[in-house]
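Novice: Before anything else, here's the structure in question.
Readers should treat all values here as calculations from the given coordinates under stated rules, not as data from a laboratory. What you are looking at is a predicted structure, and each value in this text was computed from that prediction instead of being measured. Counting neighbours? That spans all protein chains shown, and the Cβs are built from the backbone with ideal geometry, glycine included.
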Amino acid sequence: MSKAVKDLLMQDYRERLDGVDNALLVSIRGISANDNNRLRTELAGKEIRITVVRNNLAKRAFSEGSLAGLETLLEGPSALAYGSESVVDVARELVKWAKQVKSLELKGAVLDGQLFEGAAGVEALSKFPTRDEAIAQAVTLVLSPGRNLMGQVKGPGGRLAGIIKAIEEKLEKGETIAKVG
């Protein structure tokens, strides 16, 4: 391959991956054409892209960016999976697919510069909360002390209201109420 073609490929990688800070590396070698098409189609529906990369050119293209952590995993046939809201969503989808298609190899992932190696690393990443889930957890943590305080404040008042209601019902029936002494 000529230097000009290599430069064009590296430029294409940089353009495609411009703004991509987190990605997952897989090997799709050995996957049947039908499974490959199904995989790519379903992932494209969830805004996840898969790009087959040439290892040496990808190493050079990634060396300057946030995907530099993947350089050590670029051996053998490699494809980069990226997109969706976060790499956690990508990891969840590919872990599901790896269970269905045994020849799909999960090589690793990078999230905020942290490398998750191998299938175990990708599975661990897939269990992380997504951005929206993390925000929901944070909001819940922030609101829970207030919710607990409101429960404490309303508790005695609710019990008192229940006692008054019972007294009212007894008086409406004409029953007498014993003095508490």
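Novice: Here are some residues: Leu125, Leu94, Leu115, Leu106. Which one is under 18 Å from the mean Cα position of the chain (by Cα), surrounded by 13 or more Cβ atoms within 10 Å (Cβ to Cβ) and more than 23 Å from Ile31 (Cβ to Cβ)? Spell out the reasoning first.
Specialist: On the way: Leu125 fails: more than 23 Å from Ile31 (Cβ to Cβ); Leu94 fails: more than 23 Å from Ile31 (Cβ to Cβ); Leu106 fails: more than 23 Å from Ile31 (Cβ to Cβ).
Checking each option against the conditions leaves just Leu115.
Novice: Kindly check whether there is at least one residue in segment 129-147 that is surrounded by fewer than 10 Cβ atoms within 10 Å (Cβ to Cβ), under 20 Å from the mean Cα position of the chain (by Cα) and under 30 Å from Asp89 (Cβ atoms).
Specialist: The answer is yes; a qualifying residue exists.
Novice: Still on this structure, please answer the following. Within segment 132-175, count every residue that is within 30 Å of Val87 (Cβ to Cβ) and of a type in the set (D, E, K, R).
Specialist: Count: 2.
Novice: What helices (runs of 4 or more DSSP H) lie completely within segment 18-132 and have 3 or more residues being over 25 Å from Asp7 (Cβ atoms) and small (Gly, Ala, Ser)?
Specialist: The helices (runs of 4 or more DSSP H) meeting that bar are 33-45, 118-126.
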